[in-house]
Every structure is written in C-alpha cells, then in structure tokens.
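Here, each number is a calculation from the coordinates, and none is a lab measurement. On a predicted model such as this, the values are computed, not experimentally measured, just so you know. Here the Cβ positions follow ideal geometry from the backbone for every residue, glycine too, while neighbour counts run over all protein chains shown.
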Amino acid sequence: DTGVSQDPRHKITKRGQNVTFRCDPISEHNRLYWYRQTLGQGPEFLTYFQNEAQLEKSRLLSDRFSAERPKGSFSTLEIQRTEQGDSAMYLCASSLALTVQETQYFGPGTRLLVL
Amino acid sequence: GIQVEQSPPDLILQEGANSTLRCNFSDSVNNLQWFHQNPWGQLINLFYIPSGTKQNGRLSATTVATERYSLLYISSSQTTDSGVYFCAVKFGNTGKLIFGQGTTLQVKP
C-alpha cells in the first residue's frame with residue numbers, strides 16, 4: 001500500500017492564473033477528501049467524494065474552485081483566477097467508509113504560493 | 001457548528017519528560033482522530049479513538065465521549081516527537097473532519 005499521493009508538492013503561480021492539483025487515494029478507498037490549511041491553523045474541509053459522487057462542499061469552496069473524481073479513483077482540484085488569499089497547503093485524504101468507523105489517511109499536501 | 005478546542009496551544013519539554021494534550025469538543029461525535037503533523041506538513045495518523053483507551057508504544061489516548069474530551073499522553077518524549085498535534089472529530093452524517101487549532105510541541109535535547 002503506497003499511501004495517498006499528491007502532485008505537485010509545490011506550486012508557485014501568479015495572481016490570476018489557473019492551477020490544478022491531483023490526488024491519488026489509497027487503492028480501494030471509496031472516499032476522497034480535500035482540505036485546506038493556512039499557516040498556524042488546523043486543516044479546513046473543502047469537499048469530499050464517495051466514489052465519483054461529490055457529496056458535500058464547504059462554503060469555503062467558492063465558484064473559482066472545482067473538484068472532480070471522474071472514475072472514482074484519482075481526483076483533481078482546480079482553482080481558477082488565483083488570488084493571494086488562496087496561498088495555503090492543500091491536503092487530500094482518503095478512507096474506506098463501510099461503517100461508521102472511518103479513518104482518514106492524508107497525503108503529503110500541495111503547497112500553493114500565489115504571487 | 002461543533003467546536004473543537006485543544007490545550008495547551010504550545011508546549012516545551014525536555015527530552016524524557018511526559019506530557020498530556022487535551023481536546024474538548026462541543027457535541028457528540030462518532031469519530032475522533034489524533035494526528036501528528038511533522039515539519040514537512042505530513043499529517044501522520046496516531047489514533048482512531050471515538051471512545052475508550054488505546055496505546056501505541058510511548059503514546060496512548062483516552063476518549064471519554066460522554067464528557068466530550070480526549071487526552072493524548074506522550075511518555076519519555078524524544079526530539080522526534082516535536083511538531084503539531086491535532087485532534088479532529090466527525091459528527092452526524094457528515095463525512096468531514098473538524099480539526100482543532102493544534103498543540104505545538106517542542107522537545108529539547
């Protein structure tokens with residue numbers, strides 16, 4: 001089991017550009033989560049998928065943000081027209097949610113810096 | 001919404017000392033996890049512990065769900081224990097974890 005992987009690990013972009021991040025969950029995990037973490041804070045939930053269905057979105061997820069999980073495996077998170085306030089660590093997690101007992105496992109994150 | 005509070009916010013220890021980190025939550029939860037975030041930002045799973053007590057080496061955790069708190073014990077601390085410790089809870093039918101603000105631990109040699 002290789003764990004949750006994320007790509008890229010670091011991204012520097014200019015304000016107004018679009019960026020896309022990828023997350024590959026632990027194989028056979030049916031749930032995939034995206035969180036955002038700013039300096040000195042705990043991670044905050046953005047959205048999650050069960051298989052290919054997007055089940056919940058946070059109010060933090062403005063219309064500039066879109067996430068997909070087209071085949072129920074990997075997921076992408078796109079930010080359009082980036083702003084300096086988007087600078088953060090973007091974390092992906094996955095879990096096997098068959099019962100109420102569900103442990104989320106996190107990837108290494110993608111650090112985004114918007115100049 | 002549900003509130004998760006961790007204490008203390010910062011903790012400095014000498015190597016070999018013991019410590020207790022606390023997590024209070026404001027409502028009934030069906031999932032509670034403790035994580036250690038290393039200096040590179042990786043969140044490492046320590047415990048899944050919605051209730052009861054678990055131990056893993058020098059670490060142990062106890063959750064008293066009826067009183068809405070959880071404790072993480074670190075014994076014989078090592079410099080590699082340094083980092084930020086997060087408590088996160090899940091409640092109701094939502095899938096999301098709600099994180100506390102974390103406890104930053106520094107273990108000095």
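Among the trypsin sites (Lys or Arg not before Pro) within the stretch A:1-81, which fall in a DSSP loop and have no more than 15 other Cβ atoms within 10 Å of their own Cβ?
Loop-located and lightly packed - A:ARG9, A:LYS14, A:ARG15, A:ARG59, A:ARG64, A:LYS71, A:ARG81.
Take the Cβ-Cβ distance between A:SER62 and B:SER76 as r, set R0 to 41 Å, and report the resulting FRET efficiency rounded to the nearest 0.05.
After rounding, the FRET efficiency stands at 0.35.
Given R₀ = 22 Å, FRET efficiency for A:THR76-A:LEU55 by Cβ-Cβ distance, to 0.05?
About 0.85, to the nearest 0.05.
Going through the stretch A:10-115, which GluC sites (Glu not before Pro) have at most 16 other Cβ atoms within 10 Å and a DSSP loop state?
Passing sites in the stretch A:10-115 are A:GLU28, A:GLU52, A:GLU83.
When Lys and Arg each count +1 and Asp and Glu each count -1, what net charge do the other residues less than 14 Å away from B:ARG58, Cβ to Cβ, add up to?
Charge balance in the 14 Å sphere: -1.
Can you tell which of B:GLY57, B:GLY16, B:GLY95 shows the greatest fluctuation in a Gaussian network model of chain B with Cα springs below 10 Å?
Result for chain B, Cα springs under 10 Å: B:GLY57 fluctuates most.
Between B:SER26 and A:LEU98, what's the calculated FRET efficiency when r is the beta-carbon distance and R0 is 30 Å? Round to 0.05.
Using R0 = 30 Å, I get an efficiency of 0.60.
Test of the criteria: in the stretch B:1-106, which chymotrypsin sites (Phe, Trp or Tyr not before Pro) are in a DSSP loop and have at most 11 other Cβ atoms within 10 angstrom of their Cβ?
Hits after loop and neighbour filter: B:TRP40.
Check which residues have an amide H placed less than 5 Å from B:ASN38's amide H, if you skip close sequence neighbours.
B:ILE44
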